[in-house]
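Reading through the structure tokens given below for one structure.
The values are calculated or read from the model by the stated rules, or taken from the named source; none is laboratory data. As the structure is a computational prediction, the values presented were derived from the model and not from experiment. Areas reflect the complete protein model, heavy atoms only, side chains present, ligands, DNA and RNA absent. Shrake-Rupley method; radii C 1.70, N 1.55, O 1.52, S 1.80 Å.
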Amino acid sequence: MCGRYAATKDPAKLIEEFEAIDLTEGHARADHNVAPTKNVVTVVQRHPRDDEGQVLEDEPAVRSLRMMKWGLVPFWAKDPSVGSRMINTRAETAAEKPAFRRALVSRRCLVPADGWFEWRRTGKEKEPFYMTEPDGSSIAFGGIWESWHPKDDKDAAPLITFSIITTDAAGQLTDVHHRMPLIVPRSHWDGWLDPDREDVKDLLVPTPDDIVASLELRPISTLVNNVRNNGPELLERVDPAQEGALFDAPKS
């Protein structure tokens with residue numbers, strides 16, 4: 001699964017990396033401990049609309065950075081609180097589940113991340129790890145998004161939400177957890193974001209072995225366990241034995 005990640009790059013860097021325009025309207029913030037229900041930067045590609053809101057399908061699609069809330073709320077949901085239970089979407093069943101299949105066909109996004117957190121269970125202990133690219137390049141999670149409107153207030157702004165697609169863990173990642181986010185390679189970004197491409201079977205494939213092998217699996221501090229902690233120290237390598245010794249040391 002993917003229940004926590006880091007996203008610290010400012011829009012200026014993401015614009016260059018993803019070749020997109022910035023529509024975050026100044027709301028993007030560096031976050032070393034992104035948790036569900038937070039508003040974060042995503043990448044979408046959509047056809048422009050005319051002054052009346054009609055989609056101009058003959059016009060080229062535009063790639064942009066957009067703010068979305070993590071936790072998918074299907075358009076038919078009665079209550080947006082369901083989003084907190086839909087932070088992840090299994091690639092194996094996304095095309096079948098009513099909550100996800102419409103978005104998978106026509107509303108796909110990329111979720112830029114510096115890396116993500118996962119916990120390895122050993123007996124009763126859970127050891128946190130940070131998975132990241134050693135060269136600092138962004139990891140692009142495959143995601144789907146939806147627009148939800150409250151039925152009792154037609155004038156209210158829509159709630160835009162997303163979910164991160166997950167797959168079986170591969171390679172070295174299986175040592176930490178049995179699931180992982182779907183990482184979309186740069187060569188597949190165009191296809192994944194194409195709003196006119198409805199058949200995505202060729203894109204819902206396991207993350208390439210070379211990408212998995214290139215990731216650094218970094219043991220980090222248990223400070224990341226608390227979502228209120230948020231700072232660069234969460235991403236620093238920590239020897240679990242040393243951290244245990246620190247917490248076990250007698251206080252003077």
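Considering only K151, K38, K69, give the residue with the highest GNM mean-square fluctuation for the chain, with springs between Cα atoms whenever their separation is below 10 Å.
With Cα springs under 10 Å in the chain, the top fluctuation among K151, K38, K69 is at K151.
If we restrict to alpha carbons, what Rg and Dmax does the stretch 4-247 come to, in Å?
Both quantities, over Cα of the stretch 4-247: 18.4, 64 Å.
Which of the aspartates and glutamates could a cross-linker bridge to K9, judged by Cα under 12 Å and excluding same-chain residues fewer than eight apart?
Correct list for K9: E17, D31, D114.
Which of G123, G26, G171 ends up with the largest GNM mean-square fluctuation for the chain, with Cα atoms connected below 10 Å?
Greatest mean-square fluctuation among the candidates belongs to G123.
Go ahead and set up a Gaussian network model of the chain, Cα springs under 10 Å, then flag whichever of P232, P80, P11 fluctuates most.
Largest GNM mean-square fluctuation: P232.
Give the shape of the stretch 1-74 as rounded, prolate or oblate, defined through the alpha-carbon gyration tensor: a ≥ b ≥ c are the square roots of its eigenvalues, a/c under 1.5 means rounded, and otherwise the shape is prolate if a/b is larger than b/c and oblate if not.
Note, shape of the stretch 1-74 comes out prolate.
At 1.4 Å probe size, with every protein chain present, just tell me what the per residue accessible area of the chain comes to in Å².
Accessible area per residue: 54 Å².
Can you tell me what the convex hull of the Cα atoms of the stretch 16-128 projects to on average, as an area in nm²?
In nm², the orientation-averaged hull projection of the stretch 16-128 is 10.3.
Distance cut-off 32 Å, Cα to Cα: go down the list K13/K124; K78/K201; K13/K126; K124/K201 and report the pairs above it.
Working: K13/K124 41 Å; K78/K201 30 Å; K13/K126 34 Å; K124/K201 39 Å.
Pairs exceeding the cut-off: K13/K124; K13/K126; K124/K201.
How large, in percent, is the carbon and sulfur part of the accessible surface of the stretch 4-247 at a probe radius of 1.4 Å?
Ligands and nucleic acids excluded, carbon and sulfur reach 50 percent.
Under the 0.36 nm per residue contour assumption, what length would be gained going from the current alpha-carbon distance of K97 and K126 to full extension?
Using 0.36 nm per residue and subtracting the Cα-Cα distance, I get 7.3 nm.
Before rounding to the nearest 500, sum -39500 (n - 2.57) across all DSSP H runs of length at least 4 in the chain and divide by the residue total; then give [θ] at 222 nm in deg cm²/dmol.
-3500 deg cm²/dmol
What are the residues whose amide H is under 5 Å from the amide H of I165, where those residues sit 5 or more places off or on another chain and H is modelled from the backbone?
T89, G142, G143, I144, L182
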